[in-house]
1. If one computes P(r) from the Cα atoms of region 2-242, what percent of pairs lie at distances over 21 Å?
2. Rounded to the nearest 5, what % of DSSP beta bridges with both residues in region 2-242 are antiparallel?
3. Ranked highest first by the average count of other Cβ atoms within 10 Å around their residues, in what order do 29-35, 213-219 fall?
4. Give me the extension gain from D187 to S110: residue separation times 0.36 nm, minus the current Cα-Cα distance, reported in nm with one decimal.
5. Which residue, T196, V232, L212, has the largest displacement toward the positive end of the dipole of region 193-243 when charges sit on each Cβ (Lys, Arg +1; Asp, Glu -1)?
6. Could you let me know the centre-to-centre spacing of region 152-179 and region 63-120, using Cα atoms, in angstrom?
7. Along the Cα→Cβ direction, 7 angstrom out, place labels at N11 and K42. What is the inter-label distance in nm?
8. Near Q211, within a Cβ-to-Cβ distance under 11 Å, what is the net charge of the other residues, with Lys and Arg +1 and Asp and Glu -1?
Amino acid sequence: MASLNLAKQSNPEKIVNAIRTSPGLRDADLYLFQEVRNTGGKVSVAEQAAHKLGHHVSFAPAADGVHDQGLAIMSRYPIMHTDTLPLKSCDLRFRSRRRFALAASVRTPSGDLRVWNVHLDTRINPKERLEQLQPVIDDAARRSGPRLIAGDLNTNGMYWLGNVLPVPCGPAHSIAIRGAMKEHGFDTPFPDGLNTFPRLRRHLDWIFLNQLVPLETETVPVAFSDHNAILVRCQPTEELLAQ
């Protein structure tokens, strides 16, 4: 599976071309997209790309009148039981956004997989970041079977004064996130310090797994995005495969 911030890309052909020309992206069965554009409230760019690729897709806009902050789940396999979870609203003084998660069940050949696609705020500190993510962690903890939480968590090493001014060398946001995830059985195959945002060499994007065994990971530059895509190849645990 792959997670990628589409950086408000409006041309579905560029998304399709990036997937078809990258072996890692081309072989993925599941894609979680953030900053998905649906210009003028029309069919989203993710839905257009899915149609061209022959994939299933679920899309949710951020809010009425907001056409470039949507979330999408695209899959080779059927998508069922989609839902959105409202997340904590943070007053960022400017460019505040409605944050939410898009959840769905994907019917894979190995069984159903529950996934949550998330995009968190940038200018918040670890405590607030964890509070924003908590509804997703809680929802995932109540479920059983293979589960996956991924997306642009905007983890950074800054301390934000008044949600505006960054102070370098703050506490690593990833420590709080990884700790909370681990308490509920979610782990990540990606090390701290991965470069998923090349412009500032930041590790913003994550994939967390529960009852899934990671086999291989990869980061893939994408020409139209300011993020790298992150990919993991995984399978259900041996106990689940034996059932």
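Just so it is clear, none of the values below were taken in a lab; they were calculated from the coordinates. Owing to the predicted nature of the structure, the values given are computational and were not obtained by experimental measurement. Neighbour counts are summed over all protein chains in view; Cβ atoms, including those assigned to glycine, are modelled from backbone coordinates with ideal geometry.
1. Working: 15698 of 28920 pairs.
Tail of P(r) above 21 Å: 54 percent of Cα pairs.
2. On the way: 47 of 57 bridges.
Taking every DSSP beta bridge within region 2-242, about 80 percent pair in antiparallel fashion.
3. On the way: 29-35: 25.0, 213-219: 14.1.
For the peptides 29-35, 213-219, the packing ranking is 29-35, 213-219.
4. Working: separation 77, 0.36 × 77 = 27.72 nm, distance 2.01 nm.
Stretched fully, the D187-S110 segment lengthens by 25.7 nm.
5. Comparing the listed Cα positions along the dipole, T196 ranks first.
6. With region 152-179 and region 63-120 each reduced to a Cα centre, they are spaced 22 Å.
7. The modelled label-to-label distance comes out at 1.5 nm.
8. On the way: positive: R114, R143, R147; negative: D187, E238, E239.
Summing Lys/Arg as +1 and Asp/Glu as -1 gives 0.
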